[in-house]
Amino acid sequence: MKIIDLILSANASLLRNKGRTALTIIAIFIGATTLSLTNGIGDGIKAYLTKQVGNLGNSSTLTITATTAKTNFRSSSGLVKYVPGQKKISSQGGGPNDSEQVALTQSDINKIAKVPNITSVQPTLTVAPDYIATVANPYAKYQFILNQTVGISRLDVSSGVNVNNNSSQYQVTLPISYLSSLGYNTSSSALNQEVTIGISNALGAQSTFVATIVGVQQKNLVGSTAAYANTDLFNALYGFQTTGLPTSTIDTYASIQAVFNPNLTTAQINKLKSTLAGLGYTAETIKDQVSTVFTVINAITYVFDGFAGITLVAAAFGIVNTLFMSVQERTKEIGLMKALGMGRRKIFALFSIEAVLIGFWGSILGIIFANFLGKIVNNLATKGFLKDFPGLNLLSFPAKASTIIVVGIMLIAFLAGTLPARRASRKDPIDALRYE
Amino acid sequence: MDAAIATKSLDKVYGKKDDRLVALDNINLSIKAGESIAIVGKSGSGKSTLMHILALLDEPTKGVVTVNGVDVSSLSEKQVDLLRNKSFGFVFQQFFLNGNETVLDNVILPLKIAKVGRRERHKRGLEVLKAVDLAEKANAKALNLSGGQKQRACIARALINNPNVIFADEPTGNLDSTTGGKIEELLFKLNREKKITLIIVTHDPDLAKQCDRQINIKDGHLAERKNS
Ligand SMILES: Nc1ncnc2c1ncn2[C@@H]1O[C@H](COP(=O)(O)OP(=O)(O)O)[C@@H](O)[C@H]1O
Ligand SMILES: [Mg+2]
C-alpha cells in the first residue's frame with residue numbers, strides 16, 4: 001500500500017469507532033493541553049524577562065567588580081596581610097558573615113582595557129542629585145534617582161524616545177510613576193518639557209541643571225524606577241558633585257562597565273570571563289544576573305511538565321487498549337489483506353499510523369485549545385493584575401515548542417501502538433479466514 | 001510445460017503428541033494452467049487445508065509446492081506476498097467485504113495493496129464490476145448488497161489483478177441454488193474465456209461435475225477421480 005492509502009485506511013478505521021476514538025483522543029488532548037499551558041506560562045514569563053533584560057544592560061557589556069571573599073581580611077590562620085595600594089569602599093561585620101568590597105581604580109581600568117576583545121571600559125559612576133522639579137508643579141521639589149544609560153541597549157519607552165548620548169542638549173527620560181507628582185496627567189503632556197535638577201557638591205554648595213524630558217519609561221518588572229540622563233547631563237552633574245573632592249577619592253569605583261566585541265560566541269565570552277577572573281575580577285553579563293531567575297522558572301515548568309507527562313502515560317495506555325480492540329475487531333480484514341498480498345510491515349505500519357493519528361489529533365486539538373485559553377487568560381491579565389506591565393503576556397506559545405509537543409506525543413503514541421501493531425502484523429491469514 | 005501448481009509428498013500435521021492430527025497425508029498433485037479443478041470430500045476431510053497450502057496461505061509440514069516449476073520454499077515472504085497479490089484471486093464462502101465501504105472500494109483492495117494509482121484503480125474497478133454485472137452498484141455500500149451480489153463483488157475483487165489462478169472455497173455455500181448457479185456460471189465463463197485456472201473447494205456434486213477434474217479427499221488422503 002502507498003503511504004497515503006495507509007493513512008486513509010487508518011483514518012477510516014478511527015472514524016468507524018467514533019466514540020472510542022474520541023475518548024482515546026480526549027486523554028491525549030488533556031495531556032497536550034496541560035503540557036502546552038505549563039510551557040506557555042514558562043515561555044511567556046521568560047520571553048518577557050528576555051525583553052526586559054534589554055532595559056538593564058546591553059548584552060555585550062560586562063559588569064566588573066573586584067573579586068572578594070566574604071571574609072577577606074581573615075583566614076583560618078589569622079588576619080590577612082594588607083596589600084599596599086588596596087582601597088576598600090565598604091566593609092561590614094557583626095552579621096553571620098563579615099563582608100567587604102575592594103574598590104577599583106584607574107589602574108584597574110587600564111588593566112582591563114588591555115584584555116583582548118574588550119572594546120571600551122568605563123567606570124560605573126553614580127550621581128546623587130538632591131531633587132527634581134518642574135514648571136508644571138513649580139512649588140514642589142521631589143527626591144529621585146538618576147542613572148546614566150551607558151551599557152543599556154534600550155529602555156522600554158512608551159512615549160517619546162530614549163535619550164541621545166551624542167547630543168549636547170541635557171536630556172532625561174522619566175519613569176511613568178514620576179509624572180503625577182511632577183504635575184503631568186499624561187505621558188505626552190510631559191514630553192519636551194523642562195525639569196530642574198538640584199545637586200550639591202562636597203563643599204556644601206548647591207546648583208541646578210535644566211534638562212528636557214525626551215521620553216517616558218513604561219512600568220516593568222525588572223529594572224529600577226530611576227530616571228535616566230544622557231552622557232552630557234550626567235557628566236555635568238558628576239563634575240559638579242565631585243568638585244572639591246581629592247582626586248584619590250574621585251578615582252574610586254565600586255564597579256566598571258566593560259563593553260566587549262558583540263560577535264563573541266558564548267564560549268569566547270566564557271573565556272573572557274575566566275581571563276578576567278584570573279586577573280582578580282568578577283565579570284557578569286546581564287544575562288548571568290537573570291539566569292538564576294530563568295533556572296527557577298525552568299524548574300517549575302519541568303515539575304508541571306512532569307504532571308502532564310503522567311497524564312500522557314495514562315493516555316498511552318488508552319491507545320494500547322483502543323488499538324488492541326481495533327486489531328481484535330479487524331482480524332478478518334487483516335487476514336484478508338494478508339491473503340491478498342499485504343506484507344507484515346505494511347500491516348504494522350497501518351496500525352502504527354492509527355496510533356500516531358490519535359496522538360496527532362489529540363495533541364493538535366490540545367494545543368489549539370491551550371492557545372485559545374491562553375488568549376482569554378492573557379486578555380484578562382493585561383486588563384487586570386498585569387495592567388501596569390504592558391508587554392507581558394502571561395502565556396506564550398512559540399511554534400517551536402508546539403511542534404515539539406506534537407512530535408513528542410506522536411512518538412509516545414507510536415510507541416504505545418507498537419504492541420498492538422505487532423500483534424496485528426503477526427496474525428495468520430488462515431486463522432482469520434477460517435470459519436466454523 | 002511446467003504445471004501451474006504442483007505438489008509432491010505433501011503432509012500437513014496439526015498439533016503434537018496426543019493432539020496430533022494428520023490433516024493431509026502424502027498429497028501428489030499437478031494442476032495444469034487453464035484447468036478447472038474441484039476439491040471434494042466430506043466436511044473435515046482437509047479440503048480447505050489443501051487449498052490454503054496450494055494458495056500459499058499456509059505452509060506444509062513436509063513436502064514441496066511448486067508454482068510454474070518454482071519451489072515456493074525458496075521464495076522470500078515478500079516474493080510469496082507478491083505472487084499472491086499479482087497471480088492469485090480468492091473467493092471465499094464468507095464474503096469478507098467491508099460493509100461500510102463502497103463496493104468499488106472493496107473491489108480495488110488488491111490494487112491498493114499493489115500500490116496502483118487512484119485513477120487506474122478506479123478504471124479497472126469499474127471494468128471488473130461490469131464483467132460481473134455489478135457496475136450500477138459501484139458506489140453502494142457493500143452491506144446493502146444481496147448475497148449473490150456480494151459474491152459477485154468478491155469475484156470482481158478476485159479478478160481485478162488479472163490473476164492466473166482463482167481459488168474459491170465453497171463459493172456457493174452461502175447462496176441459494178439459483179444464485180449459486182449464476183456464480184458457478186460466472187466462474188466457468190472466466191475459466192473458458194480468460195483461461196484462468198480454477199481451483200474450487202466444494203461439497204456440491206453438481207458444481208464438482210462441471211469441472212475438468214475432481215480431486216477427492218478422504219481423511220487427508222487423495223482419491224482422484226476424472227470427469228468423463
Ligand atoms: N489450525 C488448526 N489446528 C488444528 N486442527 C486444524 C486446524 N485447521 C484445521 N484443522 C483440522 O484439520 C482437518 C481438516 O480441516 P479443513 O481443511 O478445514 O477441512 P474441510 O475444509 O475439508 O472441511 C479438520 O479435522 C480440522 O479440524
Ligand atoms: Mg473447509
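The values are calculated or read from the model by the stated rules, or taken from the named source; none is laboratory data. Please read these numbers as outputs of a predicted model, since none were measured by experiment. Glycine also receives a Cβ, built like all others from the backbone with ideal geometry; neighbour counts cover every protein chain displayed. Just so you know, the surface numbers come from the protein's heavy atoms only, side chains and all, with ligands and any DNA or RNA stripped out. Shrake-Rupley method; radii C 1.70, N 1.55, O 1.52, S 1.80 Å.
Brief remarks on what is shown
- GNM top mover of A:Pro262, A:Pro398, A:Pro138 - chain A, alpha-carbon springs below 10 Å: A:Pro138
- Spatially, region A:229-291 and region B:13-78 are offset by 90 Å when compared through their Cα centroids.
- FRET efficiency for A:Val135 and A:Ser291, using Cβ-Cβ distance with R0 set to 51 Å, rounded to 0.05: 0.70
- Accessible-area composition of region A:215-303, carbon plus sulfur, in percent [1.4 Å probe]: 61
- Out-of-range pairs (alpha-carbon distance over 32 Å; input A:Lys111/A:Lys219; B:Lys32/B:Lys112; A:Lys332/B:Lys195; A:Lys2/B:Lys47): A:Lys111/A:Lys219; A:Lys2/B:Lys47
- Over the Cα atoms of the protein assembly as shown, the radius of gyration divided by the Kirkwood radius equals 1.31; this is the Rg/Rh ratio.
- Tensor-based shape of region B:5-226 (alpha-carbon gyration tensor, a/c under 1.5 rounded, otherwise prolate or oblate): prolate
- Gaussian network model of chain A, Cα within-10 Å springs - most flexible of A:Thr173, A:Thr50, A:Thr265: A:Thr265
- Interface between chains B and A: roughly 2300 Å² of accessible area buried, both sides summed (probe 1.4 Å, protein heavy atoms only).
- Relative contact order, whole percent, for region A:125-252 stands at 35, derived from Cα pairs under 8 Å and 6 or more residues apart.
- Each residue, B:Asn26 and B:Asp206, gets one label point 7 Å from its Cα in the Cβ direction; the gap between the two is 3.7 nm.
- Rounded to 5, the percent of DSSP beta bridges in region B:130-228 classed as antiparallel: 45
- Extension gain for A:Ile404-A:Tyr142 works out to 89.1 nm (0.36 nm per residue, less the C-alpha to C-alpha distance).
- Other residues lying with their Cβ under 10 Å from the Cβ of B:Pro163 contribute a combined charge of +3, Lys and Arg counting +1, Asp and Glu -1.
- Assigned charges on the beta-carbon of Lys, Arg, Asp, Glu; region B:5-226 dipole about Cα centre (debye): 620
- Contour minus Cα-Cα distance for A:Thr186 and A:Thr282 (0.36 nm per residue): 30.3 nm
- Residues A:Asn117 and A:Asn165, FRET efficiency given R0 of 22 Å [Cβ-Cβ distance, rounded to 0.05]: 0.45
- For region A:3-13, 3J(HN,Hα) computed residue by residue from phi via the Karplus equation (6.51, -1.76, 1.60; θ = phi - 60°) reads 4, 5, 5, 4, 5, 5, 5, 5, 5, 4, 5 Hz, glycine and proline entered as x.
- Drop in accessible area of at least 30 Å² in the complex versus isolated chain, residues of region A:413-429, 1.4 Å probe: none
- Largest to smallest in accessible area, the residues B:Glu101, B:Glu77 fall in the order B:Glu77, B:Glu101 (1.4 Å probe, all protein chains included).
- In region A:322-343, the residues whose accessible area drops by at least 30 square angstrom when the other protein chains are added to the isolated chain are A:Lys332, A:Leu336, A:Ala339, A:Leu340, A:Gly341; the probe is 1.4 Å and only protein heavy atoms count.
- For the residues A:Leu35, A:Leu15, B:Leu54, a 1.4 Å probe over the protein chains yields an accessible-area ranking, largest first, of A:Leu15, A:Leu35, B:Leu54.
- DSSP beta bridges fully contained in the protein assembly as shown are about 65 percent antiparallel.
- The label-point distance for B:Asp19 and A:Asn11, in a model that sets each label 7 Å from Cα toward Cβ, rounds to 4.3 nm.
- Near-label residues of region A:113-128 by backbone N, under 16 Å of a point 7 Å along Cα→Cβ of A:Asn261: A:113-121
- Interchain or long-range residues, amide H under 5 Å from B:Val91's placed H: B:Phe167, B:Ala168, B:Asp169
- Sequence of A:Asp156, B:Asp206 from largest to smallest accessible area, 1.4 Å probe: B:Asp206, A:Asp156
- Solvent-accessible area of A:Met325, all protein chains in place: 80 Å² (probe radius 1.4 Å, heavy atoms, ligands and nucleic acids excluded).
- Using a probe of 1.4 angstrom and keeping all protein chains present, the accessible surface of chain A works out to 50 square angstrom per residue.
- Solvent-accessible area of A:Arg20 with every protein chain in place, 1.4 Å probe, in Å² to the nearest 10: 50
- Annotation for A:Phe304 and B:Lys78: the two label points, set 7 Å from Cα along the Cα-Cβ direction, are 4.9 nm apart.
- When only alpha carbons of region A:194-319 are considered, Rg and Dmax amount to 24.4, 81 Å.
- Here the Gaussian network model covers chain A, with springs between Cα atoms less than 10 Å apart; of A:Val356, A:Val163, A:Val293, A:Val293 fluctuates the most.
- Counting DSSP beta bridges with both ends in region B:5-226, the antiparallel % (nearest 5): 50
- Expressed as a whole percent, the accessible surface of chain B that belongs to carbon and sulfur atoms is 47, based on a 1.4 Å probe.
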